[in-house]
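*Asks:* First the structure, which I've put down as structure tokens, then a few questions once you've had a look.
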Amino acid sequence: MLKKMNWTFSNVRMRWQGGWLLMVFMYSCNGYNWSDLELPDLHVPYFFKNNPGLADTCRQDGACPYKAALTEDLCWGYESDCALEKRLSRPECPDPSRGWAHTKEDQLDQFWKGADFGYVLERRKETNVYCAPQTEDDSLLECAKYARYCRAKNIYLDFRRTEFSANDQFTEDFLRSGEIGGHCTLNSAGLKAQSEHKYALQSWYAEVEHFTSLPFRPINNEHCDVIIDKPVMFMKLDAGVNMFHHYCDFVNFYTSQHVNNSFTRDMYMINWDTSRRQYHDLFKETFQAFTQHPMKYIKDFDNQRVCIKDAVFPLLPRMRWGMFYNMPLIPGCYGSSLFQAFSAHLVHRLHIAQDGPLQGKIRITLLDRDTKFRGIMNQNELFSALKSVGEYEVNVVKYKYREMPFLDQVKVSHNSDIFIGMHGAGLTHMLYQPDWGAVIELYHTDDPNCYLDLARLRGVKYFTWEKMDKLTQEDEGHHPTLGAHKKFTNYAFEVTEFMRLVAKAADHVRSHPAFTDARQGKYGSRQTDEL
């Protein structure tokens with residue numbers, strides 16, 4: 001059923017019942033293929049809570065390996081009947097909100113709604129239908145407020161008159177009236193009212209602005225050069241050369257999967273890039289956690305009419321009040337179960353093994369930026385001091401993609417009890433640290449909240465340099481246009497103060513319940529450690 005295609009889709013027809021949910025209920029004559037679930041065992045009870053039909057299938061299938069999950073009544077927190085004690089974990093707010101909240105309950109609620117699974121609930125609650133189907137075979141368009149997230153069924157995209165530019169990745173008015181739409185009843189005024197956040201990486205409004213009510217049903221060979229029956233997730237991507245920015249993409253993909261209640265990897269991820277350039281991605285292996293198919297581009301469909309059964313336009317990396325870039329994170333709280341789940345989900349799907357904890361050792365990774373600026377001038381001296389402590393197993397790494405493949409980097413980070421580095425995107429690797437981890441941003445170069453907030457989200461303990469009189473700055477810094485700048489120079493750190501900071505991080509690791517439980521489970525008895 002595919003015409004004018006140079007790459008192949010398998011034809012799997014589905015009934016529409018609120019998104020991609022039925023993708024997980026596709027059966028062969030021998031039952032459900034449980035290996036397709038691809039979720040951490042810890043997450044399966046939560047998945048069954050939101051997919052009771054599949055839970056029933058597991059009960060009836062003698063080959064289902066998740067019987068134990070059926071006995072656990074657990075929920076993510078966005079379900080209508082989810083009690084607090086049933087959630088994956090609960091954030092903590094031990095410190096003051098600095099005026100953001102009047103009560104501790106309000107502080108916790110703000111963190112939950114802005115940085116945890118409460119964010120999923122908020123997006124679901126604000127979602128409205130803007131093109132309504134009248135029959136099961138009709139089309140659908142529904143979007144969260146400001147079109148920050150949209151979902152569509154049976155949509156039509158006409159690329160026969162579009163013009164792909166040399167460099168403009170996010171051309172507005174790329175598809176005009178009649179070139180995007182479906183057979184449904186359009187609320188044009190309601191859709192138009194969502195325009196306030198119209199901006200490339202903040203909203204999908206520019207892409208759905210001209211959504212049109214069509215006189216024909218799109219999933220019809222007469223009107224389609226290409227029919228895509230598998231689910232599609234469109235993407236507008238942030239910088240693929242910067243881990244901090246690119247992981248804003250991946251966190252929002254994962255959050256969008258919760259909004260949509262689907263975690264299948266049998267979907268196509270299509271880059272909505274209106275330029276003819278290729279996307280340069282240093283972290284492309286991460287896509288393996290979301291799809292089993294290569295990335296595609298809308299330019300692959302140039303001069304063609306494309307009809308798609310199910311499509312999601314996910315949450316974007318630079319939304320206002322977004323996740324996690326542009327996030328005004330309330331002070332005093334830490335430990336988002338959403339970010340904890342994201343980390344576990346990626347570790348599972350990327351097959352990253354945890355080799356620790358080690359017996360009598362704490363694993364420390366020191367990141368060598370190996371760049372012109374923000375280098376550690378006395379790095380060898382700090383390394384020697386760390387090596388002098390018998391309890392510390394120390395590893396100095398250079399995360400250069402030409403020298404160390406990305407998944408090898410992730411393996412190191414996941415097996416780092418303490419991760420140390422200067423301010424920079426490499427600290428985003430804290431997302432892969434174990435739950436008991438600690439991160440030391442040696443010096444934040446007057447940008448104090450960026451990686452502190454990321455550590456608070458992930459739930460790892462954050463430390464940074466405390467005594468400025470024990471820090472040496474090479475010079476005033478030389479920004480190419482702004483002049484003196486603390487991010488554009490190098491630093492040396494007084495050894496005794498450095499070791500004091502590391503000792504505090506080690507104390508945190510040693511005393512963390514997840515660390516002590518993991519050690520006891522691995523070695524059979526609770527250990528005590530002495531420096």
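*Asks:* Using a Förster radius of 22 Å, what is the FRET efficiency between residue 81 and residue 321 based on their Cβ-Cβ separation? Nearest 0.05, please.
*Replies:* 0.20
*Asks:* Which residues in segment 301-326 have a backbone N closer than 16 Å to a point placed 7 Å from the Cα of residue 221 along the Cα-to-Cβ line?
*Replies:* 307
*Asks:* Helix 495-511 versus the longest principal axis of the chain: what is the Cα-based angle in degrees, 0 to 90, to the nearest 10?
*Replies:* It works out to around 60 degrees.
*Asks:* Further question on the same structure: Calculate for the chain the 222 nm mean residue ellipticity that helices alone would give, adding -39,500 (n - 2.57) per DSSP H run of length 4 or more and normalising by residue count, nearest 500 deg cm²/dmol.
*Replies:* Details: 13 runs with 131 residues, N = 531.
Per the formula, -7500 deg cm²/dmol.
*Asks:* Sort 322-334, 464-476 by packing, meaning the average of other beta carbons within 10 Å per residue, with the highest value first. List each step's numbers first, then the result.
*Replies:* Values: 322-334: 20.3, 464-476: 12.5.
Output ranking for 322-334, 464-476: 322-334, 464-476.
*Asks:* For helix 513-523, report the angle its Cα long axis makes with the longest principal axis of the Cα atoms of the chain; keep it between 0 and 90° and round to the nearest 10°.
*Replies:* For 513-523 against the chain, the angle is about 80 degrees.
*Asks:* Note down the nm distance, to one decimal, between modelled labels 7 Å out along Cα→Cβ at residue 42 and at residue 403.
*Replies:* If labels sit at residue 42 and residue 403, their model points lie 3.3 nm apart.
*Asks:* Right, here's the next one. Report ³J(HN,Hα) in whole Hz for each residue of segment 213-225, in order, from the Karplus equation J = 6.51 cos²θ - 1.76 cosθ + 1.60 where θ = phi - 60°; Gly and Pro get x.
*Replies:* Whole-Hz 3J(HN,Hα) from phi for segment 213-225: 7, 9, x, 9, 7, x, 6, 8, 4, 5, 10, 10, 7.
*Asks:* Ranked from the most accessible area to the least, with a 1.4 Å probe and all protein chains present, what is the order of 176, 265? Let's see the in-between values first.
*Replies:* Details: 176 120, 265 45 Å².
Most to least solvent-accessible, the answer reads 176, 265.
*Asks:* While we're here: Cβ neighbours within 10 Å, averaged per peptide: list 144-154, 338-348, 158-168 in order, most packed at the top.
*Replies:* Numbers: 144-154: 23.7, 338-348: 21.5, 158-168: 14.0.
Taking the mean over residues of other Cβ atoms within 10 Å, the ranking is 144-154, 338-348, 158-168.
*Asks:* Let's test the formula: R0 of 25 Å, r as the Cβ-Cβ distance of residue 167 and residue 303. What FRET efficiency results, to the nearest 0.05?
*Replies:* Computed FRET efficiency for residue 167 and residue 303 comes out at 0.75.
*Asks:* Same structure, new question: From the mean inverse distance of alpha carbon pairs (Kirkwood) and the Cα radius of gyration, derive Rg over Rh for segment 87-154.
*Replies:* Numbers: Rg = 17.4 Å, Rh = 14.4 Å.
Answer for segment 87-154: 1.20.
*Asks:* Which option, [x] 4, 18, 29, 26, 14, 5, 2, 1, 1, 0, 0; [y] 3, 14, 19, 18, 14, 14, 11, 5, 1, 0; [z] 3, 17, 26, 25, 17, 8, 3, 0, is the value of P(r) over Cα pairs in 10 Å bins from 0, in percent that was calculated from these coordinates?
*Replies:* [z]
*Asks:* Which one of 149, 327, 279 has its Cα pushed farthest toward the positive end of the charge dipole of the chain, where Lys and Arg give +1 and Asp and Glu give -1 at the Cβ?
*Replies:* Result: 279.
*Asks:* Say R0 is 45 Å: what FRET efficiency, to the nearest 0.05, do residue 266 and residue 380 get from their beta-carbon distance?
*Replies:* Numbers: r = 49 Å, r/R0 = 1.10.
The value I calculate is 0.35.
*Asks:* Still on this structure: At a 1.4 Å probe radius, carbon and sulfur cover how many percent of the accessible area of the chain?
*Replies:* C and S atoms contribute 48 percent here.
*Asks:* A further question on this structure: On a full-extension model of 0.36 nm per residue, what is the gain between residue 467 and residue 284, subtracting their alpha-carbon distance, rounded to one decimal in nm? If you can, show how the numbers build up before the last one.
*Replies:* Numbers: separation 183, 0.36 × 183 = 65.88 nm, distance 3.89 nm.
Roughly 62.0 nm would be gained on extension.
*Asks:* Further question: How much length is gained on full extension from residue 59 to residue 242, taking 0.36 nm per residue of separation minus their Cα-Cα distance? Walk me through the intermediate numbers first.
*Replies:* Working: separation 183, 0.36 × 183 = 65.88 nm, distance 4.47 nm.
Extra length from residue 59 to residue 242 when fully extended: 61.4 nm.
*Asks:* Another question, if that's okay. Just how far, in whole angstrom, is segment 471-513 from segment 315-344 if you go by their alpha carbon centroids?
*Replies:* Rounded to whole Å, the Cα centres lie 25 Å apart.
*Asks:* Using only the alpha-carbon atoms, what does segment 28-143 span along each of its principal axes? Please give whole angstrom values in decreasing order.
*Replies:* 60, 41, 21
*Asks:* Quick one: accessible area per residue over the chain, 1.4 Å probe, rounded to a whole number of Å²? Walk me through the numbers on the way to the answer.
*Replies:* Values: 22220 Å² over 531 residues.
Heavy-atom accessible area per residue stands at 42 Å².
*Asks:* With +1 on each Lys and Arg Cβ and -1 on each Asp and Glu Cβ, and nothing else charged, work out how big the dipole of segment 95-148 is about its Cα centre, in Debye to the nearest 20.
*Replies:* Roughly 320 debye, rounded to the nearest 20.
The values are calculated or read from the model by the stated rules, or taken from the named source; none is laboratory data. As the structure is a prediction and not an experimental result, all values here were calculated from the model. Neighbour counts run over all protein chains shown; Cβ positions are idealised from the backbone, glycine included. Areas reflect the complete protein model, heavy atoms only, side chains present, ligands, DNA and RNA absent. Shrake-Rupley method; radii C 1.70, N 1.55, O 1.52, S 1.80 Å.
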